[in-house]
Ligand code: SF4
């Protein structure tokens, strides 16, 4: 490798405490986000070892995975969920960790609240026991998901042991077309790379499309990095980033801000730095996307037909098993397929921009009678903005209800489960078999595509409705 | 947590020749509500293994008495998806100590190594040979040697080597975990922490 450094090298190298020969690096972690599902066994591990949390001030806990999205003021009905939530609260209190539980004004999905309160900053290392921690890479941080043993490791030592991943740069040039959102960009990339195409790599996204993207959009793209197998994805911080984080509760203030800015402005890939792999796509070629199979790599432009097994990468039998589960046939068109559920939410698309996009389509229309819609803000802050901006009125007028924040139907741990056989258009991140409830069938798409489906009751190209509304 | 040491294993194997087996299949999210690491094996591959009325699905390999053993053999890109270590726990708790595939998702591989399941990555060709060997004889045995870093089809004697870094190999051989290591260098970590600006 050349001496020129990539953005990833700069951040990684500055966090290496110790290198083990023919082994992993010991990496210092600046921010550790904790939630109720992947942490209890880690806290138990600390207890068994008789040790505490090394840096409670760098650790933040929120309840999100397992929480109901209605009647949050009432006790949680499911005893197992209630117990997990209680354990998180107890563990956080015992170790002096800030805890944003159910009903707390800062409560929300871990990857939504981190950036909202300025816990997420450029140049930091951020981990959480959730694979979509890659979201925080949008700020030029190295952020990735970890397992419970590693949660325990970070609680105990503020470090993690990781071999340094290889680097990949994905450039998207040009301008996105009308109706094409960051979600479509991400689904497009995954469809090109397949669900394992970036395994072993850490990705940097570069090019005009990302330079012109909002922070919300960058978060959506980085969030989905894991779906092509990447450890994480990141985007060099720029004025859009600095503008977004300035003044948030946990970001540096005054002189500390200036010092931080001096450092943050050095966070970019140097001209001539080499990547292990580099790919370039033309952004103007991307269409609104939709998935048709049981992994996020099985996606295509919404106007296309489902590919034939021979035309796809990977095993034909696995491909056919997948279509069989979805009850689709090779060569089918997705447009016009009747749907049963719509889910707007998750750490992928549960931010204010996503609700604005959804509202722009449903405005003045009515929810289709055959559709059950779950609209779940990513946090209380998003919920407040929805109300303040008048979006709630548009949604209510169109026959939609707003639920309370949480992961909800993204992983269906709570009661928000799509029933067996039902077809959902979902703005979340995974269309695995049963991900949204046993037997459920998921089509991943952008908030615009979800909105178009919600008002027409079937898979619809959102551009048609956008033209009508224009 | 510390786990049993691993040196070598000779066992029959259970074949799962499906690609992209994701962690939601290995253990669906609704079974992640426990607060202790116990009993996850019961729900390993829950929705492939059981019908919604909890009766067994006869055509799923774990319900076929012909196949058993401590080795699970999966198709390419095994363990993609979520970071839930519960997936590795379920594999371990069910009784598997080794998972063989031609390609593993990163987080799943790391989780396995952290809890005492050995992920063995072989070439696609060798994976096919393993599947064929099981198909020919469900009692076919395989030897996995960590010290030699080899996996051998006992009946034919065909063998392939696999990668594992020296550090992790040492941990698995001795039953050590990363936290033991890190606690030993805690002073260096404390010093380093002082240099972090935020
Ligand atoms: S919304 Fe989904 S992906 Fe995001 S943190 Fe929650 S469960 Fe994980």
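From least to most packed, judged by other beta carbons within 10 angstrom and beginning with the fewest, A:278, B:187, A:433 follow the order B:187, A:278, A:433.
Largest GNM mean-square fluctuation among B:150, B:132, B:35, using chain B with Cα springs under 10 Å: B:35.
Once label points are set 7 Å from the Cα along Cα→Cβ at both residue A:321 and residue B:38, what is their separation, rounded to one decimal in nm? Spacing of the two 7 Å Cα→Cβ label points: 3.3 nm. Sorted on the mean count of surrounding Cβ atoms within 10 Å across their residues, most packed first, peptides B:167-174, B:81-88, B:93-100 read B:81-88, B:93-100, B:167-174. For residue A:71 and residue B:158, the FRET efficiency from 1/(1 + (r/R0)^6), where r spans their Cβ atoms and R0 equals 60 Å, is about 0.50. Extension gain, residue A:303 to residue A:335: 0.36 nm times the residue separation minus the Cα-Cα distance gives 10.9 nm. State log₁₀ I(q)/I(0) for segment A:306-421 at q = 0.24 Å⁻¹ as given by the Debye formula over alpha-carbon point scatterers of equal weight, solvent excluded. One equal scatterer on each Cα of segment A:306-421 leads to -1.27. When DSSP beta bridges are restricted to pairs lying wholly in the protein assembly as shown, around 35% turn out antiparallel.
Computed over segment A:8-68, relative contact order equals 33 percent, with contacts defined as Cα pairs under 8 Å that lie 6+ residues apart. Computed per residue of the protein assembly as shown from DSSP H runs no shorter than four, each worth -39500 (n - 2.57), the mean residue ellipticity at 222 nm is -9000 deg cm²/dmol. The calculated FRET efficiency for the pair residue A:266 and residue A:369, based on their C-beta separation and a Förster distance of 41 Å, comes to about 0.15. Counting 0.36 nm for each residue step from residue B:54 to residue B:174 and taking away their Cα separation leaves a gain of 39.2 nm. DSSP beta bridges fully contained in segment B:1-113 are about 10 percent antiparallel. Each Cα pair under 8 Å and six or more residues apart adds its sequence gap; the mean of these over the residue count of chain A is a relative contact order of 17 percent. Comparing B:90, B:188, B:34 in a Gaussian network model of chain B, where Cα atoms under 10 Å apart are tied by springs, the biggest mean-square fluctuation is seen for B:188. Radius of gyration over Kirkwood radius for segment B:99-154, both on Cα atoms: the Rg/Rh ratio is 0.99. If R0 equals 60 Å, the separation of the Cβ atoms of residue A:253 and residue A:47 corresponds to a calculated FRET efficiency of about 0.95.
Between the Cα long axis of helix B:186-195 and the first principal axis of chain B there is an angle of about 70°, rounded to the nearest 10.
Panel order for A:332, A:130, B:22, by other beta carbons found within 10 Å of each beta carbon, from fewest to most: A:332, B:22, A:130. Over chain A, the reciprocal of the mean inverse Cα-Cα separation, the Kirkwood hydrodynamic radius, stands at 22.5 Å. If you line up the long axis of helix B:124-136 against the longest principal axis of chain B, both from Cα atoms, how many degrees apart are they, to the nearest 10? The angle comes out near 40 degrees. Between residue A:239 and residue B:135, the modelled label-to-label distance comes to 6.1 nm, taking each label 7 Å out from Cα in the direction of the beta carbon. Measuring between their Cα centroids, segment A:258-331 and segment A:104-123 lie 27 Å from each other.
Against chain B, whose longest principal axis comes from its Cα atoms, helix B:106-115 is set at around 80 degrees. Note on B:71-79: average number of Cβ atoms from other chains within 10 Å of each residue's Cβ is 2.
Taken along its three principal axes, the alpha carbon spread of chain B comes to 59, 44, 25 Å, from the longest extent down to the shortest. Each label was represented as a point 7 Å from its Cα along the Cα-to-Cβ direction; for residue A:279 and residue A:177 these points are 2.0 nm apart.
Rule-based calculations on the coordinates, nothing more; no lab input. All figures in this text were calculated on a predicted structure; none of them were measured in a lab. We place every Cβ from the backbone using ideal geometry, glycine too, and count neighbours over all the protein chains shown.
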